[in-house]
Amino acid sequence: MIQEYTAEHLFQGPIADEYDMLRQICPAAAEMSHRVGEFIGGWMRTYPYTHLNLLEIGCGTGITTAHLLAYRDRIEIVSVDNAPAMLAQARQNLAEALNSGHLHLIENDALSYLQSIPDSSFDIVASAYALHNFLDGYRSRVLEEVLRVLKPGGLFINGDRYAVDDAREHLKNTQEEVKGYFQVFLKMNRPDLLEQWIVHLFSDESEDHIMRLQLALDIMAKIGFRDIDLNFREGTNALVSAVKP
């Protein structure tokens, strides 16, 4: 039995080695990485400090990290991920930023790393398509720690897979997603990757993982986040922001 506060290792083997296939089966995910970076750029104009510390939860292969690095003159980035295969790709993709000292990659699970950080350490905590992979209990603990490590007035921004609250509409979206998997991977003659992504989708849709939008916003409010906003929504892809009071 999986413990609800346990960090899982969902990205290993073929799905990790060729994770950039996500760009083809879900173009909206790559676009969301851009939206996360763009939102931070706009938010910084209203934030009173000039040099900021940013924590990224789940860097993966560095797709979102690359957009965050557009602000490297103002932001020092720490990015944490617990998948060695993904981090190996991120180190290659982001070698210049690593060598310059603007980026630090940490191999650890999100909750363990957050628990090791002092209160009010970061101005921004950002993530894209990581939190929906967490078990419910683990995700809530991560959010509690995110609030703790943010500075007062600091930003939490998450571009992610948020299930549609209407069950029928969500089912329709999921069915269309599966059709897209078949179209992409069978055309490429990659049934191995088709299998991996469908198995992963079953994990996303399981009751102990699925992140329903309204419930997720309610949990954030209960934890203590304020100014919780839904900034973008298209199907299951949503951009959610909040601040620490």
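The values are calculated or read from the model by the stated rules, or taken from the named source; none is laboratory data. Computed from a prediction, not measured in an experiment: that's the story for all the values here. Glycine also receives a Cβ, built like all others from the backbone with ideal geometry; neighbour counts cover every protein chain displayed.
Residue-level check: of (1) surrounded by 14 or more Cβ atoms within 10 Å (Cβ to Cβ); (2) in contact with a helix residue (DSSP H, G or I) (Cβ under 8 Å, 6 or more places away or on another chain), L186 misses just (1).
Among the residues of the stretch 151-186, just one is touching a Pro at 6+ places or on another chain (Cβ under 7 Å) and of a type outside the set (A, V, I, L, M, F, W, C), namely P152.
Put simply, of S120, S79, S112 the only residue that is at pLDDT 95 or above, in contact with a Cys (Cβ under 8 Å, 6 or more places away or on another chain) and of a type in the set (S, T, Y) is S79. The residues of the stretch 36-83 that are assigned to a loop (DSSP other than H, G, I, E, B), of a type in the set (D, E, K, R) and within 17 Å of L98 (Cα to Cα), listed by number, are R72, D73, R74. A residue that is surrounded by 21 or more Cβ atoms within 10 Å (Cβ to Cβ), more than 16 Å from A126 (Cβ to Cβ) and at pLDDT below 95 can be found somewhere in the stretch 26-36. Against the condition touching a helix residue (DSSP H, G or I) at 6+ places or on another chain (Cβ under 8 Å), acidic (D, E) and not in a loop (DSSP other than H, G, I, E, B), how does D218 come out, does it pass? When the stated conditions are applied, D218 does not pass them. Within 20 Å of H200 (Cα to Cα) and either modelled with pLDDT of 90 or more or touching a His at 6+ places or on another chain (Cβ under 9 Å) (or both): is that true of D20 in this structure? No; evaluated as a whole, the condition is false for this residue. Listed by first and then second residue, the pairs with beta-carbon distance under 9 Å, at least 6 apart or on different chains, first residue in the stretch 50-71 and farther than 21 Å from P84 by Cα, second basic (K, R) and surrounded by fewer than 24 Cβ atoms within 10 Å (Cβ to Cβ), are T50/R74; H51/R74; L52/R74; N53/K151; H67/R35.
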